[in-house]
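One structure is given here, and the rest of the page talks about it.
The values are calculated or read from the model by the stated rules, or taken from the named source; none is laboratory data. As the structure is a prediction and not an experimental result, all values here were calculated from the model. Cβ sites come from the backbone with ideal geometry, for glycine too, and all protein chains shown count toward neighbours.
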Amino acid sequence: MVNYSRSFFKRSLLATTVMGVFSANVAQSQDDGFVLEEIIVTAQKRSQNLQDVPLTIASFSSEAIKEYGVTNIQSLASVTPGLVVSSTQGSPSPYIRGVGTRLATIGLGPSVPIYIDERYVGSGGGALLDLPDVERVEVLKGPQGTLYGRNSIGGALRIITKNPGDEWTGGATASLGDYGLTKFDSVIGGALSDTLRVQLSAASYLRDGYADNLSEEGNDEYDDLDYTSFRGKLHWDISDESTVKWTALYYETDHTAGFRQNSLDAAPTNIGQAFGGITGTSGDNVAHNIKGNAQSEGQAHDLTLAVPFDSFDFMSVTTYTDSESEGPLETDGSSTDVLGGHVFNNGHTFSQEFRLTSNSDNKLQWLVAAEYHTGQSQTLTNATSIQFPGLTAELGVQTVDTDSYALLAKVSYDFSEDLSASIGARYTDEEKAQNTVPTPGLLNLSGGPLPYASDASWTELTPTLNIQRQFETGMLYFTYSQGFKSGGFNSPANPKFDGTTRPILEPEILDNFEVGYKGEFLNNRLRLNSSLFYYDYKDLQVTRAAGDGDTPTLVTQNAADAEVLGFEMDVTWLATESLVLSGGFSALDSQYKDYDASAKVPNIELGRGALGYGDVFYDASGESLLRAPDITAFASARYNIQLASAELPIVLSYSYTGDFQYDFIASTSTQELEQEAIGLLQARISYIPEGADWSIALWGDNLTDEEYFTEKVANAYALRGNYAAPRTWGVDFSMDF
C-alpha cells in the first residue's frame, strides 16, 4: 500500500471511533414532540429507512431540491460533498470520490451512471431534474457492483419520480429571473376509475445567454438554454394487488449551454490569437465564430409489471429510449477557426429485467434478477480549420452496438435483533462491436484507413458483503463491494497509417472497503452518519490530454492504478421546531500508484517552434487523482418564521470545493489547469399564507458572484476554460389545485 498521510488516517479512525462512543453515551433530550422525518430510499431495490442501509447515500426530497436550487446535475454537486461534476460544452461528467470519466464517448461509457426510476440512462440527463414530478434524488457513493452494476464503478445518481395517487391533485410553478429566465412547470394526476390512475407533467425552461459575443461572427450570445419536456404516467391495477405502470417521456433542447469558454493563455501558445483572433476577457463575454445552437430530441418509455405472491414479489421492467442530438464544436476559445466543426449523435436502447424479491418477515431475505440491455449509438464529427481551408474533414461515422447480460443475487440474514449480514454477486457478460466508415467527399482526419471494424467482449463477477450491528441509537456497518466498468473503444478506433493501433480498452475494477456509522440521537432530533473507506482501483481508463500525433483527438488507455482513502460525515440537527441545521464534508487522500502519463507544455519551451502546445512524458505516480479535491463540504440552515397568518421559511446554504487539477501540470505555463478552491452561497425566502393554495419565493444562487470553471482543457491549439454559472436570482410563484 502507498504510505498515506498518517495524520489523515488517524483523524478519520478517531472520528469513526468517536461516533461509536457517542452512540453509547449521548444523553437523550426531553421529548418535546418534534423529530426529524424518516428518509425512505430504494437504493437496495427495496423501500428502506436510510438509517438501515449499509451504504453512503445522499438523499434529497423534492422540497430540498427546490430549496437548495438544484435544477441539474451540475447544481446537485454543490449540495453533495464528494460529488464533482465537470462539463464541457453542456455535457456533464460526474465524479464521486474521485472516480469518474472525462470523456464518455459512445465506445466507452460513464463511471457514474444516471437512473431515472428503474431506467438506466448512462451519462447526460443534465436537465431532467427540471421535471416537476421528481420525488427525490439519491446519490449512491461507492461502487454499486451488484444491484446497479452497469458501469457504476464510482456510484450512481438515481432520480425517482412521483406516482399518481387516488385523489386528483396538481400544481404549477412559474419562475421569472435575471438573464431573461422564464420557467413554467406543472403536474396533475389522479384516478380515472377504481383501477386506473394517470399523471401528466410538463416543463418549459427558457433563459438568455450569460455571455455576449465580442466577435462579429457566430451567435450574439452564448450559454443560453431552451428546454421543454412532457411526461405521462398510466397505472392500471389489473387485480387487487398486481399493477402495470407505463411511463412515457418526450424532451427537446435548443441551446449553447457550455459554450461560454475563453482562452486562458495568449499568443503565441494560443494559435487562434496568434492568427489574429480575439478571446473574451471574463465570463461575461466570449469571442466565437461558431454559429448555431446545440439541439437534442428524445423519448423514453418504461413499462413495469408488479405481481405479488405468497412469499415473493415478481417485477418485470422494460425500457426503451430513442434520441438524437447535434451541435457545434469550439476547441480554442478564440474567434479564429483553428479547429471547429459539428457533431451529430443518435442512438436507441432497449432493456429488460425480471426480478424476484422476498416479501416475508423471515430472518432470511433475498433478491434475484436477470437483466438484458442492448443499444446502438452512432456519432459523426465534421471539422473545419485554417489548416485545410475550403475543406471539411471528419473522423468517420462510428457506430457502436452493445449487448449486456447480467445475473445477480443478494441474500440477507438476521442472526439476531442486533446483528445481520448480507452477501451478493453480479455476473456480467458484455459485448461491444464498432464499425467506422468514411463519408464520400470529406477529408479523413482519423489518421488511418477507413472503413474499420472491431469487436470485444468481457465477463466479470462482482461480489458484495455487508455486516451490520445495531445499537440503541444507531448502526455500525462494514461493506466490501467491487465495481466493474466494461471495456470499449476509442473514437476514432481505427489503426493509424504508421501501423500503430489505438487500444481496445479493458475493464476497470475497483475494490471498496468501508466502515460506517449511522445514528440518531436526542430523541431523533439529531442524525449523524459517517464512513471511512479505502479504494483499490485498477486499470483506470484514462483519457490523456495529448492527442496521438497526427489526429486532433483525445486517446483513452488503461494507463493507471490508484488508491483512495476517504472519510465522510453528514449531520442534520432539528435544533428547534423552527430551525434545522444540516451539513457534511468529504475528505479524500487519493493518488495514482502507477501512471505513465503525458502533459501539455508550450512548444516554445520544447524547442518545437512558438505556436501551440506539445506533449511530454509525465510520471504521475504519487499525484492526486484529477478532479478529486481533498475537501468538499456543504452547510445549510433553514429557519421557519411564524407570522400571524403565514409562514416565512428562510434557507441559507453554503458549499465549498477545495482546489484540484483538471489535468496534469508539467510547466508553470499551464498552471491554469488547476481549479482554485471555491465557496458558493445560496439563499431562498418563501411566503406561504396559512390555508392558501399559493406561495411565492425569492431565491439567489452564487450570491457573491464567484467566477469559476466547470472544465479546463489544454490541447494542441490552446488552453481554455468553461465558465460556471454567475450570480443569478429569481422569483417562483407556485399554486396547488
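Kindly indicate whether Ser457 is in contact (Cβ under 8 Å) with a residue 12 or more places away in the chain, among the small types (Gly, Ala, Ser) and buried (at least 16 other Cβ atoms within 10 Å of the Cβ). It would help to see each step written out before you state the result.
Values: in contact (Cβ under 8 Å) with a residue 12 or more places away in the chain: yes; among the small types (Gly, Ala, Ser): yes; buried (at least 16 other Cβ atoms within 10 Å of the Cβ): no.
No, not satisfied.
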Query raised in the report: Can you name the residue in the stretch 504-533 that is aromatic (Phe, Trp, Tyr) and within 12 Å of Phe478 (Cα to Cα) and, of all such residues, is surrounded by the fewest Cβ atoms within 10 Å (Cβ to Cβ)?
Result: Phe513
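Give me the residue from the stretch 572-593 that is within 25 Å of Glu674 (Cα to Cα) and among the aromatic types (Phe, Trp, Tyr) and, out of that set, surrounded by the most Cβ atoms within 10 Å (Cβ to Cβ). Let's see the steps before the verdict.
So in the stretch 572-593, the residues within 25 Å of Glu674 (Cα to Cα) come out as 584-593.
When the remaining residues are screened for being among the aromatic types (Phe, Trp, Tyr), the result is 585, 592.
Numbers: Phe585: 17, Tyr592: 25.
If we take residues in the stretch 572-593 being within 25 Å of Glu674 (Cα to Cα) and among the aromatic types (Phe, Trp, Tyr), then Tyr592 is surrounded by the most Cβ atoms within 10 Å (Cβ to Cβ).
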Requested in this report: Search the stretch 422-444 for residues being without any contact (Cβ under 8 Å) to a residue 60 or more places away in the chain and more than 30 Å from the chain's Cα centre (by Cα), and hand back the single one that is farthest from Ala456 (Cα to Cα).
Outcome: Gly441
Query raised in the report: Inside the stretch 79-106, can you point out the residues that are free of Cβ contacts under 8 Å to residues at least 60 places away in the same chain, over 21 Å from Asp701 (Cα atoms) and either of a type outside the set (Gly, Ala, Ser) or touching a helix residue (DSSP H, G or I) at 6+ places or on another chain (Cβ under 7 Å) (or both)?
Result: Ile96
Report summary line: Residue pairs qualifying under the 6 Å Cβ cut-off, at least six apart or on distinct chains, with the first in the stretch 246-259 being farther than 16 Å from Phe230 by Cα and outside any loop (DSSP other than H, G, I, E, B) and the second being at pLDDT below 95 and small (Gly, Ala, Ser), are His255/Ala294
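Would you mention how many residues in the stretch 212-232 are in a strand (DSSP E or B) and under 25 Å from the mean Cα position of the chain (by Cα)?
As a first pass, look at the stretch 212-232 and keep what is in a strand (DSSP E or B): 212-213, 221-222, 225-232.
When the remaining residues are screened for being under 25 Å from the mean Cα position of the chain (by Cα), the result is 222, 225-232.
Total meeting the criteria: 9.
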Report task. Could you please let me know if Leu407 is surrounded by fewer than 15 Cβ atoms within 10 Å (Cβ to Cβ), more than 32 Å from the chain's Cα centre (by Cα) and among the aliphatic types (A, V, I, L, M)? Result -> no
Requested in this report: Check whether at least one residue in the stretch 56-73 is touching a Leu at 6+ places or on another chain (Cβ under 7 Å), at pLDDT 90 or above and in a loop (DSSP other than H, G, I, E, B), and report yes or no.
Outcome: no
Requested in this report: Could you tell me which residue of the stretch 594-620 is modelled with the lowest pLDDT, considering only residues that are under 22 Å from Val555 (Cβ atoms) and surrounded by fewer than 16 Cβ atoms within 10 Å (Cβ to Cβ)?
Outcome: Asp596
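On the basis of being farther than 23 Å from Lys245 by Cβ, among the small types (Gly, Ala, Ser) and touching a Leu at 6+ places or on another chain (Cβ under 6 Å), does Gly333 make the cut?
On the way: farther than 23 Å from Lys245 by Cβ: yes; among the small types (Gly, Ala, Ser): yes; touching a Leu at 6+ places or on another chain (Cβ under 6 Å): no.
The answer is no for Gly333.
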Requested in this report: List every residue pair whose Cβ atoms lie under 6 Å apart, where the two residues are 6 or more positions apart in sequence or sit on different chains, the first residue falls within the stretch 39-55 and is more than 22 Å from Phe513 (Cβ to Cβ), and the second residue, located anywhere, is assigned to a loop (DSSP other than H, G, I, E, B) and modelled with pLDDT of 90 or more.
Outcome: Asn49/Glu38
Query raised in the report: What number of residues within the stretch 180-199 are over 26 Å from the mean Cα position of the chain (by Cα) and within 15 Å of Asp133 (Cβ to Cβ)?
Result: 6
Query raised in the report: Which one of these is crowded, with 17+ Cβ neighbours inside 10 Å, part of a loop (DSSP other than H, G, I, E, B), touching a Phe, Trp or Tyr at 6+ places or on another chain (Cβ under 8 Å) and in contact (Cβ under 8 Å) with a residue 12 or more places away in the chain: Thr319, Thr357, Thr336?
Result: Thr336
Query raised in the report: With respect to the numbered conditions (1) touching a residue at least 24 places away in the same chain (Cβ under 8 Å); (2) farther than 26 Å from His373 by Cα, which one is the sole condition not fulfilled by Ser416?
Result: (1)
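Could you tell me how many of the residues in the stretch 233-270 are out of contact with any strand residue (DSSP E or B) (no Cβ under 8 Å at 6 or more places or on another chain) and closer than 30 Å to Glu326 by Cβ?
0
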Query - Filtered residues of the stretch 200-217 (kept if among the aliphatic types (A, V, I, L, M) and surrounded by fewer than 18 Cβ atoms within 10 Å (Cβ to Cβ)) - result: Leu200, Leu206, Leu214
Query raised in the report: What residue, among those in the stretch 322-333 that are out of contact with any His (no Cβ under 8 Å at 6 or more places or on another chain) and of a type in the set (S, T, N, Q), is surrounded by the most Cβ atoms within 10 Å (Cβ to Cβ)?
Result: Thr331
Query raised in the report: Of all residues in the stretch 260-269, which are touching a residue at least 40 places away in the same chain (Cβ under 8 Å) and part of a loop (DSSP other than H, G, I, E, B)?
Result: Arg260, Leu264, Asp265, Pro268, Thr269
**Report entry** Every residue from the stretch 205-243 that is touching a residue at least 24 places away in the same chain (Cβ under 8 Å) and among the hydroxyl-bearing types (Ser, Thr, Tyr)
**Finding:** Tyr205, Tyr210, Ser215, Tyr222, Tyr227, Thr228, Ser229, Ser242, Thr243
Query - From the options Asp659, Asp693, Asp705, residue that is more than 23 Å from the chain's Cα centre (by Cα), farther than 21 Å from Arg260 by Cβ and free of Cβ contacts under 8 Å to residues at least 60 places away in the same chain - result: Asp693
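Quick one: in the stretch 621-656, of everything that is among the charged types (D, E, K, R) and within 20 Å of the chain's Cα centre (by Cα), which residue is surrounded by the most Cβ atoms within 10 Å (Cβ to Cβ)?
Kept after step one, since they are among the charged types (D, E, K, R), are these residues of the stretch 621-656: 623, 627, 630, 638, 647.
Now narrow it down to the ones that are within 20 Å of the chain's Cα centre (by Cα): 627, 630.
On the way: Arg627: 21, Asp630: 16.
Among those residues, the one meeting the criterion is Arg627.
Listed here are the residues, each with its yes/no results for (1) at pLDDT below 50; (2) touching a Phe, Trp or Tyr at 6+ places or on another chain (Cβ under 7 Å); (3) of a type in the set (Phe, Trp, Tyr); (4) not in a loop (DSSP other than H, G, I, E, B).
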{"position": "Thr17", "(1), (2), (3), (4)": "yes, no, no, yes"}
{"position": "Gly33", "(1), (2), (3), (4)": "no, no, no, no"}
{"position": "Leu76", "(1), (2), (3), (4)": "no, no, no, yes"}
{"position": "Val84", "(1), (2), (3), (4)": "no, yes, no, yes"}
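Looking only at residues that are surrounded by fewer than 19 Cβ atoms within 10 Å (Cβ to Cβ) and either modelled with pLDDT of 90 or more or hydrophobic (A, V, I, L, M, F, W, C) (or both) in the stretch 468-503, which one is farthest from Asn49 (Cα to Cα)? Working first, answer last.
Kept after step one, since they are surrounded by fewer than 19 Cβ atoms within 10 Å (Cβ to Cβ), are these residues of the stretch 468-503: 469-472, 478, 480, 495-501, 503.
Retained after the next criterion (residues that are either modelled with pLDDT of 90 or more or hydrophobic (A, V, I, L, M, F, W, C) (or both)): 469-471, 478, 480, 497.
Values: Arg469: 15, Gln470: 14, Phe471: 16, Phe478: 18, Tyr480: 21, Phe497: 58 Å.
In this case the residue turns out to be Phe497.
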Query - Conditions (1) crowded, with 22+ Cβ neighbours inside 10 Å; (2) touching a Phe, Trp or Tyr at 6+ places or on another chain (Cβ under 6 Å); (3) free of Cβ contacts under 8 Å to residues at least 60 places away in the same chain; number of the one not met by Arg197 - result: (2)
